[in-house]
Amino acid sequence: MASLWIHSIIFFVLVMQLQSLLLVALASSNVHIVYMGERQHDEPELVQDSHHEILSNILGSHEAAKESILYSYKHGFSGFAAVLTESQAKLIADFPGVVSVVPNRVLSLQTTRSWDFLQVKRQIANGILSMSHSGNGIIIGVFDTGIWPESESFKDEGMGEVPSHWKGICQTGEKFNQSHCNRKIIGARWYIKGYEAEFGKLNTSDVGEYLSPRDASGHGTHTSSTAAGAPIENVNFMGLAQGLARGGAPSAWLAVYKVCWSTGGCSSADLLAAFDHAILDGVDVLSVSIGAPPPLSTYVDEVLSIGSFHAVTKGISVVCSAGNSGPYSQTVINTAPWVITVAASTIDRAFPTVITMGNNQTLVGQAFYTMKDMNEFHPIVFGEDIAASGADEDDARSCDSGALNATLARGKVVLCFQSRFQRSATIAINTVLDVQGAGLIFAQFPRKEVTESWDIACVQVDFVIGTTLLTYIGTTSNPVVKFSLTKTAVGQQISSEVASFSARGPSSLSPSVLKPDIAAPGVNILASWSPASLPYSVITKPPPLNFKFDSGTSMACPHISGIVTLLKAIHPTWSPAAIKSALVTTASLDDEFGECIGAEGSPHKQADPFDYGGGHVDPNKAIDPGLIYDMGVSDYTSFLCAMGYNNSAISSVTGTSTQCYTSANFLENLNLPSISIPELKEKLTVTRTVTNVGPVNSVYTAFVQAPAGTVVSVQPSILFFNSTIRKLKFKVTFHSKLRIQGRYSFGNLIWEDGFHVVRIPLIVRTVIQDFYADT
């Protein structure tokens, strides 16, 4: 009673302070998310009433509370989003039961070949697709820009009845009615309150959007069809990449949550509302190709971490994109240990385009070039040689905006060299188009992503070919070139390289948690598209597209979402952590030619765990991993303790009373399928526990590939499993051989039983105690 009386006094004082603030004229009001952790009531109405009560006391009336509140999060967890002043938000943060109060943020969005490349196909008798019955029985929730329901990828022929555990709805809206849901798209919702609170009312007639689950952007249709699209014959993009288009889990059901808008961005308040509903609705897997670049917010402040935590504790696997800020170190996002974070890799498909010079010498680049107007020779000039008056030579060399002389460029092919400030050929394409050039050859850092261009031909080459062309221009009186039409080539290039744009580890928030977790195809992926999203074009006016190439970790994420769906269908009792472990421990480090997987960037290098986590996904091996590194709510609770969050906040998040008692090295001892030690000082021993999911009577032997500069030992080095022993613990001891400040080095710990190879990456950086004090 005394505790209740004290809380009442505190609450009364805070309310009086807040009401006094209403007398002050404030400059602005903003949306804030008030997160209160697990629900304190089983009835959602009671949870919602508690939110309204808090706001009513703060704002002075129930009417004011109704106007202020945007969302009441009451199904999967407790909290609300409301329009609050900064002062009100700060005082609410001190209320009992409030974990955090954070401003609404605007987040960003981050096939005919890729599934065959991954060997996810029906022809493999004991493969993942046949054993999972193509994902039948599993519901994938997709948080994105919505869906184009008329796409053939979402036809419901052969789909079973909607499962009984599905509690979701088909929310109607602009050009989207109940008939647009079917036995494939079993649910659809849309969220805009947080977005409009930031940017004002959305006038869809002005911007080509839909106040409904309908996709105006194409991004959501692309990711949904990649994860679970139905098979479609003879799909191509302007004649390229002809073949069968399908999703990874074509028999899975789809639930669509439109949280992002083609006008730019995704509101974190809307995203948290989608998590709340998805948990209620009964999804089994969530695919979230969304995030914000560093700096990273804490795990109890960041909306995607909060929502995914509550989803995972309910048994829902959450798959997220790693971000597109690569190839720079420490740029990876969505780094919570309970989510699966996906890097983007290439596949074995290329789009060779032949450049013929006037001396009949030929060079090969890549393009999506299917036009006819470059069959004849055109003069070729170097961008730097035709710089506009007053333009910087470096800008002209890379064809930056306004850097070229229109008179000298008109009707010619322009050779441009990528600068380190340019991410792609897009700016150069627009620059050459503005000066009415005939075409563009863009010499760039070696990468396989092809930039789309509609109005002029753009052929991408590396610097070696670019330099060859530059020499030709400089030694020929009338240099000319022509392009052949692009062709599709499969299996003729080294594949499985981590894409240049794919964000890299280590995590800037928790470097002891290896991120990303896994790599999957995310470059030049062909999938369904929204015909409402017309390609940018000034001249050609291309027709609406039903299928389109796109690249990004946004494309890699639904590949893993589809694979997780198949694994969940085969192993319905596995936890989200067990499924992640199966993916990581069976991943490949080599491409199909036996070469080590590479990583695009400057320079191009052999990939390491900061590029791809455990490696490149191998879906069929993940069916039977042998051993798994499992985790549950108690592990994640201890992780939050080790991150330094207070007992009260963690108790609210988890819904159980928590007293943090963690060892100094708990972060390194978290039972992840990796061991990452960002600060090794001479010696450290960490512990892992493995669960046998293979043959009952199994014997595993440890093999170590030690990171450079370390000695690694495992105790015990042999594990014996039987009908009564399914879980075993082992210790791994790291000794540093270095007496200087080290950099990160990488190795592997492998358990083998003669059939299974269970591998986890080892990541170590030696740090000398008092190193900086001695300098």
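In table form, for the structure just shown:
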| item | result |
| --- | --- |
| Of all residues making up the range 228-237, the number that are within 27 Å of Thr486 (Cβ to Cβ), under 24 Å from the mean Cα position of the chain (by Cα) and not in a loop (DSSP other than H, G, I, E, B) | 0 |
| Qualifying positions in the range 275-293 - open to solvent by less than 10 Å² (accessible area, probe 1.4 Å) and within 17 Å of the chain's Cα centre (by Cα) | Phe275, Val285, Leu286, Ser287, Val288, Ser289, Ile290, Gly291 |
| Residue ID - farthest from the chain's Cα centre (by Cα), chosen from residues in the range 200-220 that are at pLDDT 90 or above and either of a type in the set (Val, Ile, Thr) or not in a loop (DSSP other than H, G, I, E, B) (or both) | Arg214 |
| Unmet criterion (only one of (1) assigned to a helix (DSSP H, G or I); (2) closer than 22 Å to Ser674 by Cα; (3) over 22 Å from the mean Cα position of the chain (by Cα)) for Trp574 | (1) |
| In the range 67-84, the residues that are surrounded by 19 or more Cβ atoms within 10 Å (Cβ to Cβ) and more than 11 Å from Val34 (Cα to Cα) | Ser68, Leu70, Lys74, His75, Gly76, Phe77 |
| Residue satisfying all of: in the range 613-671; part of a loop (DSSP other than H, G, I, E, B) and among the charged types (D, E, K, R); nearest to the chain's Cα centre (by Cα) among these | Asp618 |
| Residue list for the range 457-487, filter: within 22 Å of His604 (Cα to Cα) and open to solvent by 20 Å² or more (accessible area, probe 1.4 Å) | Asp462, Phe463, Val464, Ile465, Thr467, Thr468 |
| Checklist (1) within 24 Å of the chain's Cα centre (by Cα); (2) surrounded by 24 or more Cβ atoms within 10 Å (Cβ to Cβ); (3) hydroxyl-bearing (Ser, Thr, Tyr) applied to Ser108, failing item | (2) |
| Residues of the range 442-456 satisfying the condition of being open to solvent by less than 40 Å² (accessible area, probe 1.4 Å), within 31 Å of the chain's Cα centre (by Cα) and of a type outside the set (Asp, Glu) | Phe442, Ala443, Gln444, Lys448, Val450, Thr451, Ser453, Trp454 |
| The lone exception for Ser321 - which of (1) of a type in the set (Ser, Thr, Tyr); (2) farther than 21 Å from Phe549 by Cβ; (3) at pLDDT 95 or above it fails | (2) |
| Meets criteria (more than 20 Å from Ser554 (Cβ to Cβ), in contact with a helix residue (DSSP H, G or I) (Cβ under 8 Å, 6 or more places away or on another chain) and open to solvent by less than 30 Å² (accessible area, probe 1.4 Å)) for Leu202 | yes |
| Within the range 734-772, considering residues that are open to solvent by 20 Å² or more (accessible area, probe 1.4 Å) and hydroxyl-bearing (Ser, Thr, Tyr), the one nearest to the chain's Cα centre (by Cα) | Tyr744 |
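Here is a yes/no grid of residues against (1) farther than 24 Å from Phe547 by Cβ; (2) assigned to a loop (DSSP other than H, G, I, E, B); (3) under 22 Å from the mean Cα position of the chain (by Cα):
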residue: Lys167; (1), (2), (3): yes, yes, no
residue: Arg189; (1), (2), (3): yes, no, yes
residue: His222; (1), (2), (3): no, no, yes
residue: Thr226; (1), (2), (3): no, no, yes
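Each row is one residue, and each column tells you yes or no for (1) part of a strand (DSSP E or B); (2) within 30 Å of Pro250 (Cβ to Cβ); (3) in the same structural domain as Phe199 (by the TED database).
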residue: Ala64; (1), (2), (3): no, no, no
residue: Leu70; (1), (2), (3): yes, no, no
residue: Val83; (1), (2), (3): yes, no, no
residue: Ser87; (1), (2), (3): no, no, no
residue: Leu91; (1), (2), (3): no, no, no
residue: Gly141; (1), (2), (3): yes, yes, yes
residue: Pro149; (1), (2), (3): no, yes, yes
residue: Glu157; (1), (2), (3): no, yes, yes
residue: Gly160; (1), (2), (3): no, yes, yes
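The values are calculated or read from the model by the stated rules, or taken from the named source; none is laboratory data. Just so we're clear, the structure is a prediction, and the values are computed from it rather than from any experiment. A quick note on method: Cβ atoms are made from the backbone with ideal geometry, for glycine too, and the neighbour counts reach across all protein chains shown. Keep in mind that these areas ignore ligands, DNA and RNA; they rest on the heavy atoms of the full protein, side chains included. Shrake-Rupley method; radii C 1.70, N 1.55, O 1.52, S 1.80 Å.
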